1. Looking at segment 67-91 only, could you name the residues that are among the polar types (S, T, N, Q), surrounded by 10 or more Cβ atoms within 10 Å (Cβ to Cβ) and over 13 Å from V45 (Cα atoms)?
2. Can you tell me which residue is farthest from the chain's Cα centre (by Cα) among those in segment 1-32 that are assigned to a loop (DSSP other than H, G, I, E, B) and under 22 Å from L77 (Cα atoms)?
3. Checking Y91 against (1) in contact with a Cys (Cβ under 9 Å, 6 or more places away or on another chain); (2) without any contact (Cβ under 8 Å) to a residue 24 or more places away in the chain: exactly one of these is not met. Which one?
4. Might you check whether a residue that is small (G, A, S) and modelled with pLDDT of 95 or more occurs anywhere in segment 39-46?
5. Check R63, R79 and return the single one that is among the basic types (K, R) and under 22 Å from the mean Cα position of the chain (by Cα).
6. Filter segment 5-43 down to the residues that are touching a residue at least 60 places away in the same chain (Cβ under 8 Å) and either of a type in the set (S, T, Y) or farther than 17 Å from G88 by Cα (or both), then identify the one that is surrounded by the fewest Cβ atoms within 10 Å (Cβ to Cβ).
7. Please specify each residue of segment 42-83 satisfying the condition of being of a type outside the set (G, A, S) and on the phi > 0 side of the Ramachandran plot.
Amino acid sequence: MKINNSLDVARWEKLECSCNMDKETECYPFVKCEHCRCQECWDSVPQEDFTEQESDIDEEGNRLETTHDRVVNEITLVRGHNLEDVVGWYY
């Protein structure tokens, strides 16, 4: 998988985790921890190629009822400005 707009180290990765790992109720998402929030966003990014079903289209650009498989092997990340966290991704 090729990931465009990827960084070696994003700003959020330099933040300290503010969770108390000894108590579940003092950990993200029960408490506000920017590091863990950003980590959760990063974990949602696919790291391997994946397959999706795509609608077939006729010569006039109309969708048909049939589909075919498409392998997605490249995505682009959308990042936040301050922490460079992953806001979303597209292909």
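1. First, pick out the residues of segment 67-91 that are among the polar types (S, T, N, Q): 67, 73, 76, 82.
Next, from what is left, pick out any that are surrounded by 10 or more Cβ atoms within 10 Å (Cβ to Cβ): 67, 73, 76.
Result: T67, single match.
2. Taking segment 1-32 first, the residues assigned to a loop (DSSP other than H, G, I, E, B) are 1, 5-10, 15-23, 27-32.
Narrowing the set further to residues that are under 22 Å from L77 (Cα atoms) leaves 1, 5-10, 15.
Values: M1: 13, N5: 12, S6: 11, L7: 13, D8: 16, V9: 16, A10: 14, L15: 19 Å.
Residue satisfying both the conditions and the ranking: L15.
3. (1)
4. The initial filter retains those residues of segment 39-46 that are small (G, A, S), namely 44.
Filter again for modelled with pLDDT of 95 or more, leaving 44.
Yes.
5. Working: R63 fails: under 22 Å from the mean Cα position of the chain (by Cα).
Among R63, R79, only R79 is among the basic types (K, R) and under 22 Å from the mean Cα position of the chain (by Cα).
6. Start the filter on segment 5-43 by keeping residues that are touching a residue at least 60 places away in the same chain (Cβ under 8 Å), which leaves 5-7, 10-12, 15.
So of that shortlist, the ones also either of a type in the set (S, T, Y) or farther than 17 Å from G88 by Cα (or both) come out as 6, 15.
Numbers: S6: 13, L15: 17.
Filtering first and then ranking leaves S6.
7. Within segment 42-83, the first condition is being of a type outside the set (G, A, S), and the residues that meet it are 42-43, 45-54, 56-60, 62-79, 81-83.
Residues satisfying the conditions do not exist here.
The values are calculated or read from the model by the stated rules, or taken from the named source; none is laboratory data. A quick note: this is a predicted structure, and the numbers were derived from the prediction, not measured. All Cβ positions, even for glycine, are placed from backbone atoms using ideal geometry, and neighbour counts span all protein chains on display.
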